[in-house]
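This report refers to the structure that appears directly beneath it.
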Amino acid sequence: QKCLDALGSREDDALTPFFLKATQDPIVEVGHLAMHHLGKLPSSFPALMALFSSGQPDAMRRAIQAFGENHTVEAAEPLLAFVERDQRDDLLVEAVDALANLRIERSAGPLLNLLHDGKPLALQVALARALGMLGTEEASLGLLHKAPQLKHPQVLILCLEGALTAFPGFEHPLPEA
């Protein structure tokens, strides 16, 4: 980890392949630290997009995690397109988590469209959490609208918490309707 910090402080683009490889380290903390330093490099976005576009689940997962870890706003559109079209629920959970970290307001509609009781519980939880983190009226009211069709208590709790994020108190209350 100290070596990664020392190399990462250089912010040298020539280290992009090294940090890409280090993200695969079996020690999770080392992999996350490598993702963090990778995100600081100017050439990291094209390299991560190549991983994301590769179609290889492990490579895609690393890219998605790096986008979320580094709050890579440029990745919002590809992540939204992926969420709207892909059927692999395991990668969808990670893509939704990355979008939650990015807090892109226009993601509310696609995330609300995905949220229903027919999806796996892990995906429902990720969607409800991401929508709550957005803190927009569209996301909060959408969570309230979806709640009657959802069954899992942990999802319903997240819907309630998420509904309150856009309407924090008496100065900005929930609409009466």
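Quote to one decimal, in nm, the extra length available between Q1 and H116 on full extension: 0.36 nm per residue of separation minus the C-alpha distance between them.
My answer for the length gained is 37.3 nm.
Within the accessible area of segment 9-68, the carbon and sulfur atoms contribute 59%, probe 1.4 Å, all protein chains present. Note on V30 and E171: the model spin-label points, each 7 Å out from Cα along the C-beta direction, lie 4.9 nm apart. As a rough guide to protection, the peptides 135-147, 43-55 ranked by mean Cβ packing within 10 Å, highest first, stand as 135-147, 43-55. Axis of helix 76-85 versus longest Cα principal axis of the chain: the two differ by about 60°, to the nearest ten degrees. Relative contact order of the chain: 13 percent, from C-alpha pairs under 8 Å at least 6 residues apart in sequence.
State, as an integer percentage, the relative contact order of segment 83-177 based on alpha-carbon contacts under 8 Å between residues 6 or more apart. Relative contact order for segment 83-177 comes out at 26 percent. Overall, the chain carries a charge dipole of about 300 debye about its Cα centre when +1 sits on the Cβ of Lys and Arg and -1 on the Cβ of Asp and Glu, all other atoms neutral.
Provide R85, R61, R129 ordered by accessible surface of protein heavy atoms (probe 1.4 Å), highest first.
R85, R129, R61
Rolling a 1.4 Å probe across the protein heavy atoms gives segment 28-177 an accessible surface of 49 Å² per residue.
In the chain, the longest principal axis of the Cα atoms and the axis of helix 121-134 are about 90 degrees apart. For the chain, the tally of Lys pairs with Cα-Cα distances below 30 Å comes to 5, considering only residues 8 or more apart or on different chains. Can you tell me the orientation of helix 28-39 relative to the chain, as the angle in degrees between its alpha-carbon axis and the longest Cα principal axis, to the nearest 10? That helix lies at roughly 90 degrees to the long axis. Hey, quick one: spin label on E161, modelled 7 Å out along Cα-Cβ, who in segment 88-104 has an amide N within reach, i.e. under 16 Å? From segment 88-104, the list is 97, 100-101.
Other residues within the sphere of radius under 13 Å centred on the Cβ of I64, judged by their own Cβ, net out at -3 (K and R +1, D and E -1).
The values are calculated or read from the model by the stated rules, or taken from the named source; none is laboratory data. Since this is a predicted model, take the numbers as computed values, not measurements. Note: ideal-geometry Cβ built from the backbone for every residue, glycine included; neighbour counts use all protein chains shown. Only protein heavy atoms, including side chains, enter the accessible area calculation; ligands, DNA and RNA are left aside. Shrake-Rupley method; radii C 1.70, N 1.55, O 1.52, S 1.80 Å.
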